[in-house]
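Trainee: Attaching a single structure in structure tokens format; questions to follow.
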Amino acid sequence: MTTETARRRPALLNRIVRTIKDRQLFSPGHHLLVAVSGGPDSVALLSLMATLAPSWRLGLTVVHFNYGLRGSESDGDEAFVSSFCRSRNIPLIVRRPVLSKQRGVSSLQMLARWARYEAMKSLAHEIRADRIVTGHTANDQAETMLMWMLRGAGLTGLAGMPFIREQIIVRPLLKTTRDDVLAYLKQEGLSYRQDSSNLTGLYRRNRVRRDLLPVMEDITPGIVRLLERQADVLRTDDDYLGQVVDGLYRSLVMVDGRGAQRFEGRALVVLPDALKRRLVRYILQCTDPGQRAPSLRAVDSVLRFVSGRSKGKRLSVRRADVIKDRDRILVTRRDGQAAAHRSTAEVGEPVTLFVPSSVYWPGTGQEIHVQEMTRQAAEPYLAQRTRECAVFDAARVSAPLVLRAWQAGDRIYPQGMGGKSKKLQDYFTDLKLSREERTRIPLLTAPEGILWVVGRRPDERFVTRKGTSRCLVATVHSTARREGAE
């Protein structure tokens, strides 16, 4: 692209491109699933992505959700988005979710948001989109931070929304104010829809937007920009503490074959308060099927229990049971209490892996560890090239990761075979492994297929490539476990 072409592009697009590059939101050649409601933010987002698409060789697919909650107005939004996409020859997928109450989801807005994210992740996997792109702006960030502040949230809540969520959802407008968006739409002559529910005072976010932010703007002009910058600072601190806790989790917590987590109580008690809370929050989050973070009250209850300030041998917190045996602490899902008395999986029994986590595989006496990190952080692993380590492109892999034994019909695409697949049965035959030996070897799998014949061969489809920015690192080592040890 020439300098002259860059000058002709809208100023907002140039700023967005800088954000995309600085934050590594997506790369040229990616397929993007763009969420478009018809409102000003999403219309501006789609227009910007469509302008960028030719030079970046982007594939675009739009998804629109019609919940039918506003009758003809909802149908009007759908018709508007459909016309917008048709005029630009952009594929459109419309979803009409039926909202049903979910545990832990307290309001209609939260329910719709939860359903939307779940549906977008499922759809992205179905159409093989590399990223889901949403139109959240700096104003949305400021509103989110204030809402979390009003709830008494800690650092993670006050850090607001990340630019990248779950390695697939990206927010390129997060440094862009709503005034910037409206100015761009006016400049480009683009129309948009207004959601009447945003004008009511029924929802807390609307009251923050309509009542609180204008007062703050009057006291501190440019408050939205200020809060957006503050979110950046807090997010950096929060990410660093998250990395520290990831390391603590790997060193202090052992995950058995049923997903039960074990650790020494004294190892937790001696940590600084900030790390104690974060580690307990992470442990409890691993017991929730939706990976939702627990409340501060739940975290403090576990801390009091572990430190001996509350009596009893068992504590129930939301979906988890916390069990004390002298100084050994066991945390297990309440709907899987049978796991409380097992320290490992049976041979061949599938095990779901959280990221990060360590799991013991009894068939081979190995401990398998998985973690996610940046490409730069993963370079030492990429340089090893040993059978005990495999590195995959995190963007090509979705949850859940499962460790399981070989099954009839399993196939992999081994590296060095020119993209051809091979039956695992034939691969094992080449290695002269008996049937019993085959059933003991663990396979690291994802919904997309087998990632790794652990300790032997990775699948070529999922390994890192030149454009890989986030890596899933899997390592394995033999571990001596004393008979009867928990």
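Trainee: If you scan segment 379-395, which residues turn out to be of a type in the set (D, E, K, R) and modelled with pLDDT under 90? It would help to see each step written out before you state the result.
Mentor: Taking segment 379-395 as the starting set, the residues that turn out to be of a type in the set (D, E, K, R) are 379, 385, 387-388, 393.
Glu379, Arg385, Arg387, Glu388 - these are the residues of segment 379-395 that are of a type in the set (D, E, K, R) and modelled with pLDDT under 90.
Trainee: Yes or no: Thr386 more than 27 Å from Ile127 (Cα to Cα), free of Cβ contacts under 8 Å to residues at least 12 places away in the same chain, assigned to a loop (DSSP other than H, G, I, E, B) and of a type outside the set (A, V, I, L, M, F, W, C)?
Mentor: Working: more than 27 Å from Ile127 (Cα to Cα): yes; free of Cβ contacts under 8 Å to residues at least 12 places away in the same chain: yes; assigned to a loop (DSSP other than H, G, I, E, B): yes; of a type outside the set (A, V, I, L, M, F, W, C): yes.
Here the answer is yes, as Thr386 does meet what is asked.
Trainee: Take the residues in segment 213-263 that are among the hydroxyl-bearing types (Ser, Thr, Tyr) and under 26 Å from Phe305 (Cα atoms), then tell me which one is most open to solvent (accessible area, probe 1.4 Å).
Mentor: Narrowing segment 213-263 to residues among the hydroxyl-bearing types (Ser, Thr, Tyr): 220, 236, 240, 249, 251.
Narrowing further to those that are under 26 Å from Phe305 (Cα atoms): 249, 251.
Numbers: Tyr249: 3, Ser251: 85 Å².
The extreme case among them is Ser251.
Trainee: Report, by residue number, each residue of segment 414-454 that is aromatic (Phe, Trp, Tyr) and either more than 20 Å from Cys389 (Cβ to Cβ) or open to solvent by 50 Å² or more (accessible area, probe 1.4 Å) (or both). First the steps, then the outcome.
Mentor: So in segment 414-454, the residues aromatic (Phe, Trp, Tyr) come out as 427-428, 452.
Phe428 - this is the single residue of segment 414-454 that is aromatic (Phe, Trp, Tyr) and either more than 20 Å from Cys389 (Cβ to Cβ) or open to solvent by 50 Å² or more (accessible area, probe 1.4 Å) (or both).
Trainee: Can you tell me which of (1) loosely packed, with under 13 Cβ neighbours inside 10 Å; (2) within 30 Å of Gly467 (Cβ to Cβ); (3) hydroxyl-bearing (Ser, Thr, Tyr) is the one Thr176 doesn't meet?
Mentor: (1)
Trainee: Being surrounded by fewer than 14 Cβ atoms within 10 Å (Cβ to Cβ), at pLDDT 85 or above, assigned to a helix (DSSP H, G or I) and in contact with a Ser or Thr (Cβ under 9 Å, 6 or more places away or on another chain) narrows it down to one residue among Arg266, Arg304; which is it? Break it down stepwise before answering.
Mentor: On the way: Arg266 fails: in contact with a Ser or Thr (Cβ under 9 Å, 6 or more places away or on another chain).
One residue alone meets the criteria, Arg304.
Trainee: Hey, Glu4 hits all of (1) open to solvent by 20 Å² or more (accessible area, probe 1.4 Å); (2) modelled with pLDDT of 95 or more but one; which does it fall short on?
Mentor: (2)
Trainee: Output the number of residues of segment 269-293 satisfying the condition of being farther than 23 Å from Val351 by Cβ, assigned to a loop (DSSP other than H, G, I, E, B) and open to solvent by less than 70 Å² (accessible area, probe 1.4 Å).
Mentor: 2
Residues checked against (1) polar (S, T, N, Q); (2) out of contact with any Pro (no Cβ under 9 Å at 6 or more places or on another chain); (3) at pLDDT 90 or above; (4) more than 17 Å from Glu367 (Cα to Cα):
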| residue | (1), (2), (3), (4) |
| --- | --- |
| Gly409 | no, yes, no, yes |
| Leu433 | no, yes, no, yes |
| Ile441 | no, yes, no, no |
| Gly449 | no, yes, yes, yes |
| Val454 | no, no, yes, no |
| Val476 | no, no, no, no |
| Glu483 | no, yes, no, no |
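Trainee: Cβ-Cβ distance below 7 Å, separation of 6 or more or different chains: which pairs start in segment 204-233 with a residue that is within 13 Å of Asp179 (Cβ to Cβ) and end on one that is assigned to a helix (DSSP H, G or I) and open to solvent by 60 Å² or more (accessible area, probe 1.4 Å)?
Mentor: Every condition considered, the pairs that remain are Ile223/Glu217.
Trainee: Give me the residue from segment 145-170 that is open to solvent by less than 20 Å² (accessible area, probe 1.4 Å), touching a residue at least 60 places away in the same chain (Cβ under 8 Å) and within 21 Å of the chain's Cα centre (by Cα) and, out of that set, nearest to Asp22 (Cα to Cα). Steps first, answer last, please.
Mentor: Our first condition is that a residue be open to solvent by less than 20 Å² (accessible area, probe 1.4 Å); within segment 145-170, this holds for 145-146, 157, 159-160, 169-170.
Subsequent filtering for residues that are touching a residue at least 60 places away in the same chain (Cβ under 8 Å) retains 145-146, 159-160, 170.
Now narrow it down to the ones that are within 21 Å of the chain's Cα centre (by Cα): 145, 159-160, 170.
Details: Met145: 22, Ala159: 18, Gly160: 19, Val170: 13 Å.
Once the filter is applied, the top-ranked residue is Val170.
Trainee: May I pose another question? For segment 307-334, how many residues meet the condition of being assigned to a loop (DSSP other than H, G, I, E, B), of a type outside the set (Gly, Ala, Ser) and either over 20 Å from Asp256 (Cα atoms) or out of contact with any strand residue (DSSP E or B) (no Cβ under 9 Å at 6 or more places or on another chain) (or both)? Spell out the reasoning first.
Mentor: Keep residues of segment 307-334 that are assigned to a loop (DSSP other than H, G, I, E, B), which gives 308-313, 318-319, 326-327.
Narrowing the set further to residues that are of a type outside the set (Gly, Ala, Ser) leaves 309, 311, 313, 318-319, 326-327.
Add one more test, that the residue is either over 20 Å from Asp256 (Cα atoms) or out of contact with any strand residue (DSSP E or B) (no Cβ under 9 Å at 6 or more places or on another chain) (or both), and what stays is 309, 311, 313, 318, 326.
Summing the residues that are assigned to a loop (DSSP other than H, G, I, E, B), of a type outside the set (Gly, Ala, Ser) and either over 20 Å from Asp256 (Cα atoms) or out of contact with any strand residue (DSSP E or B) (no Cβ under 9 Å at 6 or more places or on another chain) (or both) in segment 307-334 gives 5.
Trainee: When the residues of segment 171-188 are filtered to those that are among the acidic types (Asp, Glu) and in contact (Cβ under 8 Å) with a residue 40 or more places away in the chain, which remaining residue is farthest from Leu234 (Cα to Cα)? Spell out how you get there, then give the answer.
Mentor: Let us first name the residues in segment 171-188 that are among the acidic types (Asp, Glu), namely 179-180, 188.
Filter again for in contact (Cβ under 8 Å) with a residue 40 or more places away in the chain, leaving 180, 188.
Details: Asp180: 24, Glu188: 35 Å.
Here the answer is Glu188.
The values are calculated or read from the model by the stated rules, or taken from the named source; none is laboratory data. Note that the structure is predicted; figures quoted are calculated from it, not measured. Every residue, glycine as well, gets a Cβ built from its backbone with ideal geometry; the counts of neighbours run over all protein chains shown. Ligands, DNA and RNA are excluded from the accessible area calculation, which covers all protein heavy atoms including side chains. Shrake-Rupley method; radii C 1.70, N 1.55, O 1.52, S 1.80 Å.
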